[in-house]
């Protein structure tokens, strides 16, 4: 039985993960998933439209689901379906609440009073839940139609805020600029595939195709001052103008290079491809295909829609097969959302691990281990997938560093758990794995997480060595800190920290700090070597370099204090928690300074989170400094021949 | 050994001192990093790391508030060296610790030498224009050139500090004294309108372009992407009286101001401090790619011709990101470009004679740590195995 239950848990976990990998059956007659798999070049990378849809939704409204608090079912089934509505039926998409606004000043500017945005639930149960925050109490997301009357005001305020340096902008200015940026982003999507304001773009294009040769001749005649068909000239000018709008107001390069053109950067916007018609006399087949899809979608013709996607896919597949394989894989990766499954499993592992300290330590401890292991494998798979798609080492930006810090720390936890079998590894893994993935989720709100590397960072060799090793150092330092927190919380508030566990924790923390010292040191000097190789100087006192140096020094302080007998168990734990502060500052704080060569990720909203984290760690250290007589694990009354408190806790 | 010396020795060899110094060092680095927002990266290095004490100005009096980089680093160096000489008995078990600390001593020394010896310059190259000098990022010079001979210029350079101190300079190569009158550490130049508004003081310059432009003093900037543009009014005084007062400014748009004296032609200017090289570089082509459909730079590269006057070297080199040119003790790397102008490249030039030291130091330390923690790990694994063997 003791062996069976953990295995059953393992099987259930594997089943849960396997389910996320299964293809999701299409809910409608349209092959929306196939639309999401069509390739597009945005921000320097060829990706599926599905990625565009998801990263746009995250950027606009902080989540991938489109729904209203008053209706329980989501408005659209998938992000791809939302994108379809935006590009092909904007008049409908404009009514979806997809613009998140939280800043009260900005809400006031848009004429939203407290009364306007308070959600009035019909059911009493919902009313009660909303008071406690289980369901939203206020509308936070608005549709384009809500915002349309205020576009001028938003634009004006954005213009005022724009020249101000990013670091000194007020929350209102940041909110205005973000909203303005989001409106622009939405506009770019709307104009990506069909011309604005034309209800039958396909029909217009077909007519255009028939008339273009005569039309161009008429325009030439007009320019030369000869006799010409005035109506034809004006049709040509009109449609030409709408192509220009399409070409200039989008950054989605949906039309792949023409056959025979091997330049991978020759992708163009649909509008640009259509403008070429005036020269070639033939409407680009890709642009025509998208117009056809628009027609089928608007007129509810699923067969035509599906057939057209199939044909278009086959047509571009002839020359883009390797890219399309990657794009398709990325689409499936998006749907599977491995990091969300992993996050859920870490949370479960955390609770199972915590309970194992109270009852059935063997059964629950092993179960927690298996859940952690599966969660870690899922995260590993996700990261491997990202590496393959990007063709890069695992850490390329702040987002992927969060993934990697969690991955590294959990990996170490699995080793610890395999050695000690006391669920401490699983609990630490649960906390760190969950929180790093949560951080990663928040970092993903700024757009696509697979960005192109700026020239200075474009070196796979150094990304694979320096960045990986330094990030592994972060992982280890955090892990030591969290083990320290477990020691203090268990010792202070429970009776479960017996001397065997306490000694085991001490050895774990000590070992992990040795590991952290080695990795952060080697990583830092590899960075120095990179700097010397590229810039002729080993060390430049750049904030990120200093941050890494501080971690190394802090770990050296802990080790020397320990060797010199200046600290014992509790001191070690407290200093290890201090490592959390130092590492979080090095990881995020240095990027908030906005100076130096390394500051590639400016993150202003994260400042509050960082301060909160630092304060919480100081609080833990404060708890750790409380006198031993207050520690429940150590203050056993000297009843029935027990030694007194001081003797029960030697060397702490 | 007297008690005093014993106490002294015990202080310097103690592990407690090590820990205190490490903590002080950490606080120093942290404070310096935060202060970069105000002072910029260069001023911070001078204030925090290349100093014995960090000084704060209370009123006008600088007050030492915290030990600086030389103080902490120096004591750490003494602490390390002394405690190793005094306490340390070399054994195989401690070889890791030994190697790590020898490496650290080297690293600290290397950083000291780097601080003393490293020089950075910038080099802005225009396409097809040969250049044989680099320019300082922060320092400037007042120069008087004798350009009478068309073959070469005879340059007399006055360091900026002496201009700032308004020190009169008499140089054997010049038939006049150079008398700096007023100095502005940062400034901008504006055109003076043809008809001066009443109430505006006339220019203090009586010669050259200074009569037509107005000098606007600016506060000193510490921003990393800006530099101070100093300016000064300089009077030249010959044996038979003043030749006039010139306005000079390091603004690169201001050309050298030419004048005649005693049958020779001179030029006067203030400019970024130059260091001449025994070779010249010519930009042949600057390339800059962006990722398709974005403004994100993908790469920059400069195709450059390197030529020495003796003809020993005459070749083309390609400098791009993460691939600098190393030549005659200098490292040239692709630092920047001028947006919208692809006929110009900006290189950074670094001289760092002690560049090899960190490599040696870091290899020693890495090996040391590996050995040390490896010994711990094996001891730990061994201990865990042992109890299981007992019951059998």
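Observations, loosely collected:
- Unique match (being within 14 Å of another protein chain (Cβ to nearest Cβ), without any contact (Cβ under 8 Å) to a residue 60 or more places away in the chain and either at negative phi or surrounded by 15 or more Cβ atoms within 10 Å (Cβ to Cβ) (or both)) among B:69, B:74: B:69
- Taken together, A:503, A:498 contain a single residue that is more than 20 Å from residue B:373 (Cβ to Cβ) and over 33 Å from the mean Cα position of the chain (by Cα), which is A:498.
- Looking across the range A:61-81 at every residue that is in a helix (DSSP H, G or I) and surrounded by fewer than 24 Cβ atoms within 10 Å (Cβ to Cβ), the one that is modelled with the highest pLDDT is identified as A:81.
- Verdict on residue A:348 being surrounded by 23 or more Cβ atoms within 10 Å (Cβ to Cβ), at pLDDT 90 or above and part of a helix (DSSP H, G or I): no
- Taken together, B:119, B:139 contain a single residue that is within 12 Å of chain A (Cβ to nearest Cβ) and closer than 30 Å to residue B:341 by Cα, which is B:119.
- Filter result for residue A:303 (in a helix (DSSP H, G or I), surrounded by fewer than 22 Cβ atoms within 10 Å (Cβ to Cβ) and either modelled with pLDDT of 90 or more or assigned by TED's automatic domain parsing to the domain that holds residue A:383 (or both)): yes
- Candidate set: the range B:12-29, residues that are surrounded by fewer than 19 Cβ atoms within 10 Å (Cβ to Cβ) and within 7 Å of chain A (Cβ to nearest Cβ); chosen: the one nearest to the chain's Cα centre (by Cα): B:23
- Of all residues in the range A:452-464, one or more are closer than 15 Å to residue A:395 by Cβ and away from every other protein chain (no Cβ under 12 Å).
For (1) modelled with pLDDT of 85 or more; (2) within 13 Å of chain A (Cβ to nearest Cβ); (3) touching a strand residue (DSSP E or B) at 6+ places or on another chain (Cβ under 9 Å), each residue gets a yes or a no:
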{"residue": "B:280", "(1), (2), (3)": "yes, no, yes"}
{"residue": "B:283", "(1), (2), (3)": "yes, no, yes"}
{"residue": "B:288", "(1), (2), (3)": "no, yes, yes"}
{"residue": "B:291", "(1), (2), (3)": "no, yes, yes"}
{"residue": "B:302", "(1), (2), (3)": "yes, yes, yes"}
{"residue": "B:315", "(1), (2), (3)": "yes, no, yes"}
{"residue": "B:325", "(1), (2), (3)": "yes, yes, yes"}
{"residue": "B:336", "(1), (2), (3)": "no, yes, yes"}
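- Verdict on residue A:134 being assigned to a helix (DSSP H, G or I) and either loosely packed, with under 14 Cβ neighbours inside 10 Å or in contact with a helix residue (DSSP H, G or I) (Cβ under 7 Å, 6 or more places away or on another chain) (or both): no
- For the range A:587-626, the set of residues classified as at pLDDT 90 or above and within 14 Å of another protein chain (Cβ to nearest Cβ) consists of A:614 only.
This table checks each residue for (1) within 9 Å of chain B (Cβ to nearest Cβ); (2) farther than 24 Å from residue B:24 by Cβ; (3) in contact (Cβ under 8 Å) with a residue 12 or more places away in the chain.
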site	(1), (2), (3)
A:517	yes, no, yes
A:520	no, no, yes
A:528	yes, no, yes
A:531	no, yes, yes
A:537	yes, yes, no
A:550	yes, no, yes
A:554	yes, no, yes
A:559	no, no, yes
A:564	yes, no, no
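- Any hit, the range A:462-482, residues being surrounded by fewer than 23 Cβ atoms within 10 Å (Cβ to Cβ), touching a residue at least 12 places away in the same chain (Cβ under 8 Å) and under 27 Å from residue A:56 (Cα atoms): no
- Selected residue (criterion: modelled with the highest pLDDT) from residues of the range A:627-639 that are assigned to a loop (DSSP other than H, G, I, E, B) and more than 43 Å from the chain's Cα centre (by Cα): A:634
- The range B:348-376 - residue that is within 14 Å of residue B:114 (Cβ to Cβ) and touching a strand residue (DSSP E or B) at 6+ places or on another chain (Cβ under 9 Å) and, of those, farthest from the other protein chains (Cβ to nearest Cβ): B:351
- Of the criteria (1) more than 10 Å from chain A (Cβ to nearest Cβ); (2) touching a strand residue (DSSP E or B) at 6+ places or on another chain (Cβ under 7 Å), which one residue B:321 fails: (1)
- Test: residue A:561 is surrounded by fewer than 24 Cβ atoms within 10 Å (Cβ to Cβ), touching a helix residue (DSSP H, G or I) at 6+ places or on another chain (Cβ under 6 Å), modelled with pLDDT of 85 or more and more than 20 Å from residue B:40 (Cα to Cα): yes
- Qualifying residue in the range A:405-416 (condition: in a helix (DSSP H, G or I), in contact (Cβ under 8 Å) with a residue 24 or more places away in the chain, over 23 Å from the mean Cα position of the chain (by Cα) and within 14 Å of chain B (Cβ to nearest Cβ)): yes
- Residue B:299 free of Cβ contacts under 8 Å to residues at least 24 places away in the same chain, surrounded by fewer than 18 Cβ atoms within 10 Å (Cβ to Cβ) and touching a helix residue (DSSP H, G or I) at 6+ places or on another chain (Cβ under 7 Å): yes
- Options B:111, B:167; residue that is part of a loop (DSSP other than H, G, I, E, B) and under 26 Å from the mean Cα position of the chain (by Cα): B:167
The values are calculated or read from the model by the stated rules, or taken from the named source; none is laboratory data. No experiment lies behind these values; they were computed from the predicted model shown. Cβ atoms come from the backbone with ideal geometry, glycine included; neighbour counts cover every protein chain shown.
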